[in-house]
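The values are calculated or read from the model by the stated rules, or taken from the named source; none is laboratory data. This one's a predicted model, so the numbers in the text were calculated from it and none came from an experiment. Positions of Cβ are backbone-derived with ideal geometry, glycine not excepted, and every protein chain shown enters the neighbour counts. For accessibility, only protein heavy atoms count, side chains too; no ligands or nucleic acids. Shrake-Rupley method; radii C 1.70, N 1.55, O 1.52, S 1.80 Å.
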Amino acid sequence: MNSRRIGAAGLALAVPAVLALGGCALNGTGGGSDDAAADASGEVTGEVTLQTWALKPTFTDYVEGVIADFEEQYPGTEVTWLDQPGDGYSEKVLAQAAAGELPDVTNLPPDFALSLAREGLLADVAAVDETLEDTYVPGALDAYRYGGLDGTFGYPWYLTTDLNYWNTAMFTEAGLDPAAPPTTLEELVAQARTMKEATGEYLMSRKPGLGDFAAEGLPVLSEDGTEFVFDTPEAAEILDVYRDAYAEGLLPDDVLTDAYLGNSQLFTEGKVAWSTGGGNFIATTVENNPSLEGKIAPSPYIGQTPLYVQGVSVSSQSANPATAHALARFVTDAAQQEEFARQVPGIFPSTTSSQDDPELAESDGTPQGEAKRIAFGTLTTARVLQPVEVTDAMTTIVNQQFAAAIAGDKTSQEALDTAVDECNKLLADQ
Amino acid sequence: MMAGRVGTARVGPRRVVGARSAGTVTARSGTRGFSTPSPREVVLRYALLVLALFVTIGPFLWQLSTSLKGASEDVYTTTPSFLPAEPTLDNYARAFEAVPILGFAGNSLVVAAIVVTGNVVGATLAGYALARLRFRGARLVLGALLLTLLLPGEATIVAQYLTIRQLGLADTLAGVALPGAIGMLNVLLMRTAFAALPKELDEAAIVDGANAWQRLWHVGVPNVLGMMAVVAIFAFIGAWDDFLWPLIVLTTPEKFTLTVGLEYLSGTFTNNPRVVAAGTMIAFVPIVVFFAALQRYFFRGVDEGAIKG
């Protein structure tokens with residue numbers, strides 16, 4: 001997931017520039033959302049295109065089933081399904097947008113949708129569907145509402161979240177209780193110290209990011225989305241904790257450099273005893289390294305649980321908006337989403353009526369089932385931690401400054417001040 | 001680059017220039033030429049070569065071994081293990097099952113064929129013209145070509161897509177191949193190769209009454225076969241490995257090239273590194289075949305021309 005999110009940030013930077021360029025060659029790119037919304041109440045019939053992101057071939061049957069059901073429910077409709085490969089999706093969407101050939105219904109994560117919405121390429125779904133609030137959970141809807149833009153630019157689709165995963169073998173070896181993993185940053189540092197002293201292994205596996213501040217309830221971005229405000233003394237304290245832990249040798253050296261592969265990679269290699277990951281983490285990890293089977297225990301995320309949202313947006317240029325909206329609603333309705341969640345352990349429906357689905361809430365007793373139960377349980381309070389306004393370039397700045405603070409090259413407050421200044425400059429340019 | 005290095009290595013032993021410095025003029029070094037190293041140096045050279053070899057092919061070996069590893073073996077370990085404990089070809093079978101690899105490879109071959117032909121023919125013609133023909137604005141053309149090299153591909157990719165789309169070539173293999181059909185860098189390479197030939201050769205041909213085409217075909221081309229092979233291989237690898245451009249141009253899955261099609265092996269919620277590695281290996285085979293077929297020319301130095309150094 002991580003590399004894709006970075007790709008999205010790149011898109012955010014590139015879209016306005018390229019659309020300006022593409023605008024010379026094309027007539028009427030952008031700016032048509034009002035007319036489109038007007039006739040969205042027309043008859044549901046005719047052809048529309050649905051674009052998904054890397055669901056083929058594993059979920060071909062599921063998607064084709066959804067499309068068949070839709071065509072059956074609305075006779076006269078015909079859905080063309082496009083599935084784009086995982087890599088390069090931001091570039092592909094960007095090219096489609098510049099050429100004015102964005103599919104009628106497109107799966108876009110909130111950060112992709114933001115850059116397209118800024119250019120007026122996405123329909124405001126709230127203008128068409130007045131039951132949004134009743135149908136979808138608020139956290140998911142909020143992900144498609146942006147400061148400075150009026151409207152909701154996508155129907156929420158599936159949700160994912162993060163939780164903690166611990167290497168129980170490394171815990172036991174270090175004399176720690178895998179059934180009582182850390183629940184706060186202080187405990188994390190304390191247990192990391194114990195592990196370091198007992199076996200020389202690492203427990204902590206990453207440096208903090210903006211999401212960690214949000215997880216501790218600290219402000220990151222101002223309410224109206226116009227400036228960053230994460231240079232608080234509390235944030236500096238968090239950086240100080242990491243700085244001291246790093247000086248003590250409780251973090252692998254790699255975490256501050258480009259050689260850092262990510263905590264899940266280090267966890268899979270057995271180099272660290274802690275990682276965060278989605279509900280499907282155990283299955284993936286065990287597939288990569290079968291020797292970890294039975295050695296992974298899940299626990300709830302430390303602090304505020306993050307929420308990751310996927311949604312489908314409707315193009316404001318769609319020639320058939322009524323059918324496009326109907327299809328987008330159909331793909332994201334409770335029944336379809338619940339079925340999808342059954343096929344992919346670790347993802348959850350964004351529909352309100354699914355939130356007390358007993359099947360999703362129960363665990364089968366395996367660590368995998370337990371992870372699903374914990375993830376689903378924390379979903380109701382989860383929220384989007386990293387603002388969608390944060391681009392790739394900002395993440396780089398934040399990483400550099402935080403690395404400098406943790407390495408002790410400058411004080412935490414200095415690093416935060418610099419990062420906020422630089423990020424605000426970039427934000428103002430958007 | 002490659003051709004040049006090998007060329008000097010061949011020329012080396014023929015010219016015995018003498019000892020490297022006064023200090024080493026001894027009976028021992030008397031039999032050795034300028035570029036004949038001492039035993040200690042030989043050992044050092046080979047050690048460095050082996051190191052470079054390992055650094056270069058290490059990641060490749062890792063992919064190869066990953067693609068052969070069984071489902072119950074760890075892929076990511078603290079110290080990389082290159083020998084699969086339970087070797088299996090299962091992953092290759094699964095890659096073939098999951099995606100129509102042969103169809104994708106066929107598409108890639110079509111694109112590569114257009115690009116290689118376009119580059120070998122086009123860059124040779126353009127390179128010769130720039131190196132040997134005198135015409136108004138020759139320097140301007142060369143300058144313009146150099147300037148286009150400064151633009152990063154990412155910056156022009158969307159504009160390029162709009163162009164291809166307006167030509168009606170969106171979602172076609174021709175649309176994928178055309179923008180890469182003549183690479184500016186290849187034109188420069190060919191120009192340099194032609195420029196390196198002694199002018200006297202050309203002048204002699206002119207005296208004999210040869211026109212430009214005859215001079216190109218009978219005097220120029222036979223002497224730059226090595227560089228043409230380099231261009232062909234670069235063009236082939238470039239076309240074969242390109243991912244972003246075909247992804248943007250193509251929409252219909254049946255038309256996908258291999259690099260784009262192999263992406264299907266790593267989906268949103270499913271990603272088995274062993275199968276992905278197997279797919280990578282399959283995509284790699286044609287490059288090896290192509291290189292093996294051309295390497296005779298690839299390693300042919302400039303010194304095999306008409307005038308020997």
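Please report the antiparallel percentage of DSSP beta bridges with both residues in chain A, rounded to the nearest 5. That works out to approximately 65 percent antiparallel.
Give the carbon-plus-sulfur fraction of the accessible surface of chain A in %, rounded to a whole number; probe 1.4 Å, heavy atoms of protein chains only. Please report the intermediate quantities before stating the final value.
On the way: 8040 of 16620 Å².
Carbon plus sulfur share of accessible area: 48 percent.
Under a 5 Å amide H cut-off, with hydrogens placed 1.01 Å from N, A:Tyr158 pairs with A:Gln310 among residues at least 5 apart or on other chains. Taking each DSSP H run with n ≥ 4 as -39500 (n - 2.57) and averaging over every residue of the protein assembly as shown yields -16500 deg cm²/dmol at 222 nm.
By the rule of a C-alpha distance below 18 Å, with chain neighbours fewer than 8 residues away ignored, the lysines paired with B:Lys199 are B:Lys308. Inter-chain Cβ neighbour count for B:153-159, averaged per residue, equals 5 (cutoff 10 Å, partner chain atoms only). Which aspartates and glutamates, if any, have their Cα less than 15 Å from the Cα of A:Lys271, not counting same-chain residues under 8 positions apart? Reachable aspartates and glutamates: A:Glu173, A:Glu201, A:Asp253, A:Asp254, B:Asp74.
Under 5 Å between amide hydrogens, built in the peptide plane, is the criterion, and for A:Gly46 it picks out A:Thr77, A:Glu78 among residues at least 5 positions away or on other chains. Rolled with a 1.4 Å probe across the full set of protein chains, the surface gives A:Trp157 an accessible area near 10 Å².
Between A:Gln51 and A:Leu82, A:Val105, A:Thr106, A:Asn107, the built amide H atoms are under 5 Å apart, and every one of these is 5 or more places off in sequence or on another chain.
Based on the alpha-carbon gyration tensor of chain A and its eigenvalue square roots a ≥ b ≥ c, which shape applies: rounded if a/c is under 1.5, prolate if not and a/b is larger than b/c, or oblate? Oblate, because a/c is 1.5 or more while a/b does not exceed b/c. When you restrict to C-alpha pairs under 8 Å that are six or more residues apart and normalise by the size of chain A, the relative contact order lands at 25 percent. Computed over chain A with a Gaussian network model linking Cα atoms closer than 10 Å, the most mobile of A:Ala127, A:Ala334, A:Ala419 is A:Ala127. Inter-chain neighbour count for B:269-276: the average number of beta-carbon atoms from partner chains within 10 Å of each residue's beta-carbon is 5. Among the residues of B:250-258, the average count of other protein chain beta-carbon atoms within 10 Å of the residue beta-carbon is 2. In sequence order, region B:170-179 has phi-based couplings of 4, 6, 10, 5, 4, x, 5, 7, 4, x Hz under the Karplus curve 6.51 cos²θ - 1.76 cosθ + 1.60, θ = phi - 60°, and Gly or Pro positions carry x.
The order of the peptides B:239-248, B:213-222 by mean Cβ neighbours within 10 Å, most packed first, is B:239-248, B:213-222.
Share of carbon and sulfur in the accessible area of region B:190-230 stands at 62%, probe radius 1.4 Å. Anything over 18 Å Cα to Cα? Flag those among A:Lys207/A:Lys410; A:Lys56/A:Lys372; A:Lys207/A:Lys425, in the order listed. A:Lys56/A:Lys372; A:Lys207/A:Lys425, as the Cα separations exceed 18 Å there. A probe of 1.4 angstrom, applied to the heavy atoms of all protein chains, finds B:Leu49 with accessible area near 110 square angstrom. Bridgeable aspartates and glutamates around B:Lys255 (alpha carbons under 13 Å apart, same-chain partners fewer than 8 residues away excluded): B:Asp171. Got a number for carbon plus sulfur as a percent of region B:35-88's accessible area, 1.4 Å probe? C and S fraction of accessible area: 75 percent. Projected onto its three principal axes, the C-alpha set of the protein assembly as shown covers 90, 69, 53 Å, listed from the longest axis down.
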